[in-house]
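This report concerns only the one structure given below.
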Amino acid sequence: MLLELNIQNFAIINEIKISFSKGLNVLTGETGAGKSIIIDAISLVLGSRADKEFVRSGSEKTTIEALFFIENMKDIEKSLESYGIQKENDNTLLITREIYNTGRSTSRINGRTVTLSMLNEITSKLIDIHGQHDHQSLLRSERHLEFIDSLGDERVIDIKEKVKRGYEELQILKSRLKSLVQDEMEKERKMDLLNFQIEEIDEARLIGGEEEALISEYNLLSNAENIAIALSDAITNLDSDFYGNKSIIDALNNIYISLHKISKHSDDITNFENIFESVIYQLQDLTREIRYYQEKIEYNPERLKFLDERLDLINKLKRKYGKTIEEVLEYRDKINRELTFLLNCEEEIKIIKSKIQKCETEMNNICNDLTKERTSISDKFEKEITKELSEVNMPKVKFDVKIEKMEHFTPNGLDKIEFLISTSPNEPLKSLAKIVSGGEMSRIMLAFKSILAEIDKIPTLIFDEIDTGISGRTAQIVGEKIANIASNHQVICITHLPQIAALADSHYLILKKTTDKESTTEIVRLDYDERVEELSRLLGGVILTETTKQHAREMIEMSKKINR
């Protein structure tokens, strides 16, 4: 239930704090005092669209706080955990909404900043607001199916879930079929393109890793002349006596001979001799390897041309199909599977059509089960709503739930539901929108809520002047209905009818105070004497006589005797 509402700098409200109680909380006040502003504030803290125009003139921001006590935390525990919102040990939930004069707004739950979608998901389980806009929603036939389903039990929920899953599966199958049954000319063009690409890649006979070897060989052949000259110079310098020039190996041999002659005089010199001998052998081996490598190198223009053309082909395929040879080959396998699929799609089409037929048969059976459940609910609902309307002074009303079967499946099955009503014996049944007056609409809305109150898990209901267009005995009956709902729910009701105000467990008066500088809205909780004064005003207007006050006292006393 809503324990407390704090509002700062909102519209014509400077600062107010309201502590609500269990049962029926009634808000009254003169026209223009700001009753509906309170409901607007509650709507905002629950997640309705913010507007900088709500910020009180001269203020930086509007702040609205709503403190709830959650009797059964399990109803919202899953949502809180999924959003990382800390639960309080005393089962309270603090929701804060700030709206800045720049248009920006922020929302927090127990100090955790949340998005509007997160806020709406959680608050939808806390409060249900009913006003003139709800009357309008009741006139929309697409909401009628939703209402009937809300009266169903676990079996209805289970069947609806099966219908939803079946519908989703059917849509997937139909989408798949549509993609298969494409234009035949387009299909042929696609197959021709895939065939061309596969043949182009296959003709290249690509081998993974070959590009690196080709580049290495190409670099070698394209520089064969320079390499041969450099290697020849190396061989000449290492081991050749050209025009009387001593080679490196000859020079080292001479040094070795000199060391050998004196090596017997010192072990160190013997060591030097051995090292020179080893170096000479290594250089002789190196010279032979260079000479052998040189003999293998020859300038081959035909081979170089082949390498150039091969590398050009590989680069062309890479530009079209992938960054590497491996990616090109992967692409080839992919389009080959696509081509195979297109070649065999006729068989695939037959399989999918068979699955669609089977799915539609199953869907039809499930939807028929759902229709039976809705028909049973509707029959019971017609009796209950007729009884409720009779009790709110609509005794001649006829109410019918019209169920029509549509030709196509929807996530909600095959049913189209519309509420029809006749408010007088001689009138045929027509849709609510065509014949219902404001006063009748208020009573129908209340009748709906009276029925839902037995199964509705939302703890707090707000009625914003749903008593429009009624008076007298009808107002008394409507008040008793609201009071009856308040026996199982917290109800906050804005009204201008004394018959309803007299039934309040807590009565609040909304006042508008005007000075030369500004107008502000205030709210006070009334004690017994103040309630008598306010009821007298509702009964008699400006002039309050003792007779009017006595009538007000009697109304309050009588309200205590009403069974709830």
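Between the labelled values [x] 26.1; [y] 32.9; [z] 25.3, the entry that holds Kirkwood radius over Cα pairs in Å as derived from this structure is [y]. Apply the a/c threshold of 1.5 to the C-alpha gyration tensor of region 42-81 and tell me whether it is rounded, prolate or oblate. Taking the square roots of the gyration eigenvalues as a ≥ b ≥ c, region 42-81 is prolate. Full extension of the chain segment joining Glu533 with Arg337 gains 62.0 nm, where the gain is 0.36 nm per residue of separation less the Cα-Cα distance. Considering only Ile227, Ser354, Thr115, and ranking their Cα positions along the charge dipole of the chain that arises from unit charges at the beta-carbon of Lys, Arg, Asp and Glu, the one farthest toward the positive end is Thr115. Spin-label pair Glu188-Leu511: with each label point 7 Å from Cα along the Cα-Cβ axis, the two points sit 8.9 nm from one another.
What's the FRET efficiency of Ile269 with Glu217 using the Cβ-Cβ distance as r and R₀ = 60 Å, to the nearest 0.05? List each step's numbers first, then the result.
Details: r = 49 Å, r/R0 = 0.82.
For R0 = 60 Å, the calculated efficiency reads 0.75.
Compute the relative contact order of the chain as a whole-number percentage, counting only Cα pairs closer than 8 Å that sit 6 or more residues apart in sequence. This gives 22 percent for the chain. Pairs from the table (Lys383/Lys430; Lys17/Lys61; Lys513/Lys549; Lys87/Lys561; Lys246/Lys296; Lys74/Lys164) lying more than 29 angstrom apart at Cα are Lys87/Lys561.
Dipole of the chain computed with +1 at Lys/Arg Cβ and -1 at Asp/Glu Cβ about the Cα centre; of Asn368, Ile421, Asn344, farthest Cα towards the positive end is Ile421. Classify region 448-564 as rounded, prolate or oblate from the Cα gyration tensor: take a ≥ b ≥ c as the square roots of its eigenvalues, call it rounded if a/c is under 1.5, otherwise prolate when a/b beats b/c and oblate if not. It comes out oblate by the Cα gyration axes.
Starting from the Cα coordinates of region 146-240, work out the convex hull volume and express it per residue in Å³. Could you put the intermediate results ahead of the total?
Details: hull volume 25.6 nm³, N = 95.
Looking at region 146-240, the number lands at 269 Å³ per residue.
Helix content alone sets the calculated 222 nm mean residue ellipticity of the chain: runs of n ≥ 4 DSSP H residues at -39500 (n - 2.57) each, divided across all residues, give -18500 deg cm²/dmol.
What's the angle, to the nearest 10 degrees (0 to 90), between helix 301-321's Cα axis and the longest principal axis of the chain? Result, in degrees: 0.
Bear in mind that the values in this text are calculations on the coordinates, not laboratory data. Note that this is a predicted model, so its numbers are computed, not measured. In this analysis, Cβ positions are derived from the backbone assuming ideal geometry, glycine residues included, and neighbour counts consider all displayed protein chains.
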